[in-house]
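K.L.:
Here you go, one structure.
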Amino acid sequence: QVQLVESGGGLVQPGGSLRLSCAASGRMLSFIYGMGWYRQTPGKQRELVSTIMGGGNTWYADDVKGRFTISRDNAKNTVYLQMNNLKPEDTAVYYCNKVPIRTVDSWGQGTQVTVSQ
């Protein structure tokens, strides 16, 4: 079972950037084909933001396309999410985990991203 620790969140002004990191342990990332970033705001369901497959194929939700970039470094056992031109509606707790969601074993603590003046 893989353990995941997210980091890199914080408070940023609209238009700013953040880079989230997700460190995996317990299982080599190279053995996990699909990884993704999810986010959740209070009272809402967790939503999938972006995915990256073992072959490098990526997918983005419409509202982050062109602003977010997902990447993975299997040697460092880490998945990243570069977020540019952040908007207040990007405010959420961000989690990384396997995709599809039905393959998730457990969730980490996530990292809070707040976009505000």
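K.L.:
Just to confirm my numbers, what's the Cα centroid distance between the range 17-80 and the range 83-117 in Å?
P.N.:
For the range 17-80 versus the range 83-117, the Cα centre distance is 9 Å.
K.L.:
Quickly work out the LYS76-to-TYR33 label distance, labels modelled 7 Å from Cα along the C-beta direction, and quote it in nm with one decimal.
P.N.:
Between TYR33 and LYS76, the label points sit 2.6 nm apart.
K.L.:
Next question, about the same structure. Note down the nm distance, to one decimal, between modelled labels 7 Å out along Cα→Cβ at ARG102 and at ALA61.
P.N.:
Here the modelled spin labels are 2.1 nm apart.
K.L.:
Any chance you could list the semi-axes, whole Å, largest first, of the equivalent ellipsoid that the Cα gyration tensor gives for the range 55-109, using √(5λ)? Provide the component values of the computation, followed by the final result.
P.N.:
Details: eigenvalues 80, 47, 28 Å².
They are 20, 15, 12 Å, listed largest first.
K.L.:
Can you tell me the accessible area per residue over the chain, all protein chains present, probe 1.4 angstrom, in square angstrom?
P.N.:
I get 53 Å² per residue for the chain.
K.L.:
Check VAL99: other-chain or 5+ apart residues with amide H under 5 Å from its amide H, H built from backbone geometry?
P.N.:
Residues meeting the criterion, in which the H sits 1.01 Å from N, are GLY34, MET35, GLY36.
K.L.:
If I model a spin label as a point 7 Å beyond the Cα along the Cα-Cβ vector, how far apart are those points for SER25 and GLN40 in nm?
P.N.:
My value for the distance between the label points is 2.2 nm.
K.L.:
Using the Karplus equation 6.51 cos²θ - 1.76 cosθ + 1.60 (θ = phi - 60°), what ³J(HN,Hα) coupling, rounded to whole Hz, does each residue of the range 91-96 give in order, writing x for Gly and Pro?
P.N.:
Result, ordered by residue: 4, 4, 8, 9, 10, 10 Hz.
K.L.:
Report ³J(HN,Hα) in whole Hz for each residue of the range 48-57, in order, from the Karplus equation J = 6.51 cos²θ - 1.76 cosθ + 1.60 where θ = phi - 60°; Gly and Pro get x.
P.N.:
7, 9, 7, 9, 9, 9, x, x, x, 5
K.L.:
So what's the net charge close to GLY34: Lys and Arg +1, Asp and Glu -1, counting the other residues with Cβ under 11 Å from its Cβ?
P.N.:
+2
K.L.:
PHE68's amide H: which non-local residues (gap 5+, or another chain) put their own amide H closer than 5 Å, with H modeled 1.01 Å from N in plane and none for Pro or chain starts?
P.N.:
ASN84
K.L.:
Now for a different question. Just to verify a number: what accessible area does LEU20 come out at with the full protein assembly present, 1.4 Å probe, Å² rounded to tens?
P.N.:
0 Å²
K.L.:
Taking all protein chains together and a probe of 1.4 Å, list SER106, SER50 from the most accessible to the least accessible.
P.N.:
Result of the area sort, largest leading: SER106, SER50.
K.L.:
Something else about it: Return the FRET efficiency for the residue pair MET53, SER17: r is the Cβ-Cβ distance, R0 is 25 Å, and the value is rounded to the nearest 0.05.
P.N.:
Efficiency at R0 = 25 Å is approximately 0.50.
K.L.:
In angstroms, what radius of gyration and Dmax does the range 1-81 have, counting Cα atoms only?
P.N.:
Taking only Cα atoms of the range 1-81, I get Rg and Dmax of 13.1, 37 Å.
K.L.:
Shifting gears a bit: For the range 3-20, what does the Karplus curve 6.51 cos²θ - 1.76 cosθ + 1.60, with θ = phi - 60°, yield as ³J(HN,Hα) per residue in whole Hz, taken in order and with x for Gly and Pro?
P.N.:
9, 10, 10, 8, 7, x, x, x, 9, 9, 7, x, x, x, 10, 9, 10, 8
The values are calculated or read from the model by the stated rules, or taken from the named source; none is laboratory data. Note that the coordinates shown come from a computational prediction; the quantities given were computed from them, not determined experimentally. Quick reminder, even Gly has a Cβ in these numbers, built from the backbone with ideal geometry, and neighbours come from all protein chains shown. To get the accessible areas, we keep the full protein, side chains included, count just its heavy atoms, and leave off ligands, DNA and RNA. Shrake-Rupley method; radii C 1.70, N 1.55, O 1.52, S 1.80 Å.
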